[in-house]
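To start, the structure under review is shown below, and the notes come after it.
FYI, it's all coordinate maths here, none of it is from the lab. In this text the structure is predicted, and so the values were computed from the model without any measurement. So basically every Cβ, Gly included, is an ideal-geometry build from the backbone, and we count neighbours across all protein chains shown.
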Amino acid sequence: MVKTEDEQVFFVPVQGPTVLRKNILGGVKKILVLLKRYEKFRFIREEKVKRMHELRVILKELDFLNKKLERTLPKTHLREIDKPIQQLPSMSYRRPKNVVSDLDKLEYELQHIEHKLQKLD
């Protein structure tokens, strides 16, 4: 009885399976670190786009209100008074803590792989 290629099974012995497994897990760890950095980058980029859109909306509204104010004020020949510009307090963004993002999932996987690597040592 002749076996076809699909039916033939070959077993190849692996020298140092724990070392090989350790190397594979190390590579997976590096990939997860890169994915984590990419997720942070993507999150920051999305936030930037959202804030730029909000800024455009606010600037359009300010422009509209400024033109409306100029139309309603009477015309005068008084000089403009230069006043120092007050700086607005900086706004910080905090991500909601109850939302589990892809970044959190990647961090969990990274911790899991690090734990496996420690077990192998």
Does N66 count as in a helix (DSSP H, G or I), within 30 Å of K116 (Cβ to Cβ) and polar (S, T, N, Q)? no
Consider only pairs whose beta carbons are under 9 Å apart and that are at least six residues apart or on different chains; among these, list those whose first residue lies in the range 14-35 and is among the hydroxyl-bearing types (S, T, Y) and whose second residue is exposed (fewer than 13 other Cβ atoms within 10 Å of the Cβ). T18/L120
Does any residue in the range 104-118 that is closer than 13 Å to V28 by Cβ come within less than 6 Å, Cβ to Cβ, of a residue that is aliphatic (A, V, I, L, M) six or more places away or on a different chain, and which pairs are these? L106/L32; L106/L35; E109/L32; L110/L32; I113/L25; I113/V28; K116/L25; L117/L25
